[in-house]
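Accompanying notes for the structure given below.
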Amino acid sequence: MRITWLSHSCFELIESMNILVDPYIQDNPLAPRTVDEFNPDLIAITHGHADHLGNAEDIARRTGSPVLAVAEVAKYLDRQGVRSEGMNIGGSFRVADVLFTMTRAIHSSDITSTNPPTCGGEAAGFVIDDGIRVYHAGDTALFSDMRLLGDLYRPDVALLPIGGRYTMGPREAAIATSWIRPHLVIPMHYNTWPRIRQDPAEFRDLVETLCDSEVVILEAGDAVEC
Ligand code: ZN
């Protein structure tokens, strides 16, 4: 699988499908590509905040790719005329050879691009199994059921927020890594704006004291093969 970090929480996962997660592109000061440069088979959205729902509508309209999201966000997208697939936390949904499991996240989920904001239901994460199993945590606090996610889904790769303020910081994310026990962990949701400034080397150093997971620090636009 080729995993490309597009900065913030946006990742492109390419194996049997091209999967785009949380495409925050146009308003993202660190985005290494433009909205027109994406051609996903499916877009997965963790929650309704504008820095995660991002340009999902634009990309879905242009490409016809479906958007997978929690039921309330999927209903909102349906009302906008965007093809969507709703699911909910704890459920799994197979698309061709890929199994998507929606996981819990401790966070809020208004759809902040509408005025007033629209209820987006619960925030979530995903375990995406396309031969390689990738856990994208979404925006979340640390929660002890991350141990269960590690036991149950055995992710090969974990994508964890470290920005603090709105999500886990480096310390909490390092503990999460030790509970999930992935082969690789990639930090996300940091340095997009001053409010979530972090040094990813601090996260790497903390992980190294707790477990054997390899921390891969990517530059925006860089990819890792696994
Ligand atoms: Zn959020």
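The values are calculated or read from the model by the stated rules, or taken from the named source; none is laboratory data. The structure displayed is predicted, hence computed values, not measured ones. So basically every Cβ, Gly included, is an ideal-geometry build from the backbone, and we count neighbours across all protein chains shown. In case anyone asks, the SASA skips ligands and DNA or RNA and just uses the protein heavy atoms, side chains included. Shrake-Rupley method; radii C 1.70, N 1.55, O 1.52, S 1.80 Å.
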### Among residues of the range 105-121, those that are touching a helix residue (DSSP H, G or I) at 6+ places or on another chain (Cβ under 9 Å) and within 12 Å of the ligand (Cβ to nearest atom), counted
4
### Task
Out of the residues in the range 29-49 that are open to solvent by 10 Å² or more (accessible area, probe 1.4 Å) and touching a residue at least 60 places away in the same chain (Cβ under 8 Å), state the one that is farthest from Gly163 (Cα to Cα).
Arg33
### Task
For Ala60, work out the one condition from (1) of a type in the set (Gly, Ala, Ser); (2) crowded, with 23+ Cβ neighbours inside 10 Å; (3) within 16 Å of the ligand (Cβ to nearest atom) it doesn't fulfil.
(3)
### Task
At least 1 residues that are buried (at least 19 other Cβ atoms within 10 Å of the Cβ) and under 16 Å from the mean Cα position of the chain (by Cα) in each: list the strands (runs of 3 or more DSSP E) lying fully within the range 114-226 that qualify.
124-130, 132-136, 157-161, 184-188
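Here is a yes/no grid of residues against (1) open to solvent by less than 70 Å² (accessible area, probe 1.4 Å); (2) of a type in the set (A, V, I, L, M); (3) within 14 Å of the ligand (Cβ to nearest atom); (4) more than 16 Å from the chain's Cα centre (by Cα):
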position: Met87; (1), (2), (3), (4): yes, yes, no, no
position: Arg94; (1), (2), (3), (4): no, no, no, yes
position: Asp97; (1), (2), (3), (4): no, no, no, yes
position: Phe100; (1), (2), (3), (4): yes, no, no, no
#### Entry: Residues within the range 90-116 that are touching a residue at least 12 places away in the same chain (Cβ under 8 Å) and over 25 Å from Gly64 (Cα atoms), tallied
7
